Amino acid sequence: MRILFITPRIPFPPRKGDQLRAYHQLKGLSELGHEIHLISYSDQPVPAKEISSFCSKFFPVNFKKMSAVKNMLVGMAANNPLQVSYYLSEEFRKTIKEAVQTCHYDIVHTQLVRTSPYFNELKALPNVIDFVDSISLNLTRRKAFKKSIINPFLTYEAKAIQRLEKKAVQDFDGSIFISNVDKNNVERRSTTVTSISNGVDLNYFHYQHQLPANRNLIFVGNMSYEPNRHGVHHFIEHIYPLIKQKIADFTFYIVGREPTKELIHLCKDKKDIIVTGEVDDIREYLHQSKLFVCPLKTGAGVQNKVLEAMSAGVPVLTTSIVNDPIGAVNSKSVIVRDNDQAFADAVVNLLADTDKLEELRNNARAFVEENYHWDSLNKKLEQFYLDTISRRNSEFDKRVING
């Protein structure tokens with residue numbers, strides 16, 4: 001197949017979740033023998049060499065922040081989602097239109113609901129939209145988690161996004177979500193909607209064959225992502241003190257890009273909490289840790305960091321919001337606790353129970369190998385393309401027969 005792939009961010013380097021997803025999908029589809037043309041916004045130097053390794057043509061479109069802010073204000077007046085309006089661009093629209101008019105594509109794949117306004121430019125061809133997460137679910141959970149002066153904004157944005165998510169499901173020939181939890185928030189019954197998770201590079205996140213003797217806890221995550229910030233702050237303020245009442249000699253590593261000044265200030269007097277910022281190789285920190293904690297209270301989608309920890313052989317303690325989309329069995333491949341005291345007790349008990357840690361991490365690696373291998377997930381994506389094309393052709397034939 002010749003595939004036109006549209007993303008709002010260049011998928012390299014794969015620093016954010018949607019970039020990681022697109023990168024591995026593009027790489028996998030290329031390895032399956034498909035020809036791929038890529039259209040992406042660009043607000044950074046274009047990594048032409050890396051992109052050319054899996055795309056035969058690449059059309060970067062310059063992202064203009066001043067125009068984006070103006071579009072957002074106009075979109076607010078029209079009751080449109082702000083983050084969708086922010087990414088509207090006439091140049092981006094023209095690039096898609098020109099690509100579709102000048103080259104034959106078997107299917108068009110566009111990523112995130114913020115690209116759905118370009119549907120008219122690609123509707124003549126078989127098309128799918130990959131929502132990744134349900135953003136409306138993410139915003140609704142965030143609003144429910146705590147009272148805030150920005151809650152009216154979150155209410156507005158969640159409702160506007162959900163309207164657009166539901167419209168896009170109706171418009172596009174096929175729709176993809178990263179999990180059934182996200183899919184069911186938008187559409188439960190349609191046969192044109194599926195869930196395809198992210199995978200894990202099992203070779204890169206190789207299994208460590210021995211847990212360290214220390215009592216290191218670790219959280220890995222991009223701190224520009226609001227649910228990560230909420231989760232870490234909540235852990236430090238509400239769960240960390242409960243752990244300290246029981247054990248004193250442990251160290252908590254917070255590893256990830258863009259730690260805020262607020263987070264650094266919160267941790268500055270706590271010698272057993274280390275904020276690293278971005279690191280060259282996350283695996284070094286994972287393999288030095290005895291327990292991965294992911295105490296997120298908000299968010300949506302599949303947390304890549306949890307899958308990577310499971311693959312690397314680090315036992316995981318997390319919440320239902322994180323584990324439900326992943327589908328690991330509680331107490332077998334992962335430990336799930338939602339109450340703060342129960343979460344703290346689980347940390348204390350697990351650090352003292354080497355046998356349970358070994359059981360968890362062995363089961364977790366097997367679970368990831370069985371369910372989250374990129375090769376099988378990309379073959380599922382390929383089949384969804386074929387099914388979408390077949391369904392569209394069948395509907396066209398019916399229209400011709402019926403006159």
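Quick notes on this structure:
- Residues being touching a residue at least 24 places away in the same chain (Cβ under 8 Å) and not aromatic (Phe, Trp, Tyr) are entirely absent from region 65-78.
- Tyr118 vs. criteria in contact with a helix residue (DSSP H, G or I) (Cβ under 8 Å, 6 or more places away or on another chain) and open to solvent by 10 Å² or more (accessible area, probe 1.4 Å): no
Table: residues versus (1) small (Gly, Ala, Ser); (2) touching a helix residue (DSSP H, G or I) at 6+ places or on another chain (Cβ under 6 Å); (3) over 29 Å from Ser134 (Cα atoms).
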| position | (1), (2), (3) |
| --- | --- |
| Gly277 | yes, no, no |
| Lys305 | no, no, no |
| Val329 | no, no, no |
| Ala346 | yes, no, yes |
| Val368 | no, yes, no |
| Arg391 | no, no, no |
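- Residue satisfying all of: in region 126-141; within 15 Å of Glu226 (Cβ to Cβ) and among the β-branched types (Val, Ile, Thr); nearest to the chain's Cα centre (by Cα) among these: Ile135
- Subset of region 34-52 (residues that are without any contact (Cβ under 8 Å) to a residue 60 or more places away in the chain, of a type outside the set (Val, Ile, Thr) and either surrounded by fewer than 15 Cβ atoms within 10 Å (Cβ to Cβ) or not in a loop (DSSP other than H, G, I, E, B) (or both)): Glu35, Leu38, Ser40, Tyr41, Ser42, Asp43, Gln44, Pro45, Ala48, Lys49, Glu50, Ser52
- Among the criteria (1) exposed (fewer than 13 other Cβ atoms within 10 Å of the Cβ); (2) under 20 Å from the mean Cα position of the chain (by Cα), the one Lys27 does not fulfil is (1).
- If you filter region 376-403 down to residues that are at pLDDT below 95 and either of a type in the set (Asp, Glu) or outside any helix (DSSP H, G or I) (or both), you find that the one that is surrounded by the fewest Cβ atoms within 10 Å (Cβ to Cβ) is Gly403.
- The set of residues in region 237-262 being part of a helix (DSSP H, G or I), crowded, with 19+ Cβ neighbours inside 10 Å and in contact with a helix residue (DSSP H, G or I) (Cβ under 7 Å, 6 or more places away or on another chain) consists of Ile239, Ile243.
- Test result for Tyr285, closer than 24 Å to Glu308 by Cβ, open to solvent by 10 Å² or more (accessible area, probe 1.4 Å), among the aromatic types (Phe, Trp, Tyr) and in contact with a helix residue (DSSP H, G or I) (Cβ under 8 Å, 6 or more places away or on another chain): no
- Scanning region 53-69 for residues that are closer than 26 Å to Asp375 by Cβ and open to solvent by less than 30 Å² (accessible area, probe 1.4 Å) gives Phe54, Cys55.
The values are calculated or read from the model by the stated rules, or taken from the named source; none is laboratory data. Only a predicted model underlies this, so the values are computations on that prediction, with no experimental measurement involved. We place every Cβ from the backbone using ideal geometry, glycine too, and count neighbours over all the protein chains shown. Each accessible area value is taken on the protein alone, full model and side chains, heavy atoms only, with ligands, DNA and RNA left out. Shrake-Rupley method; radii C 1.70, N 1.55, O 1.52, S 1.80 Å.
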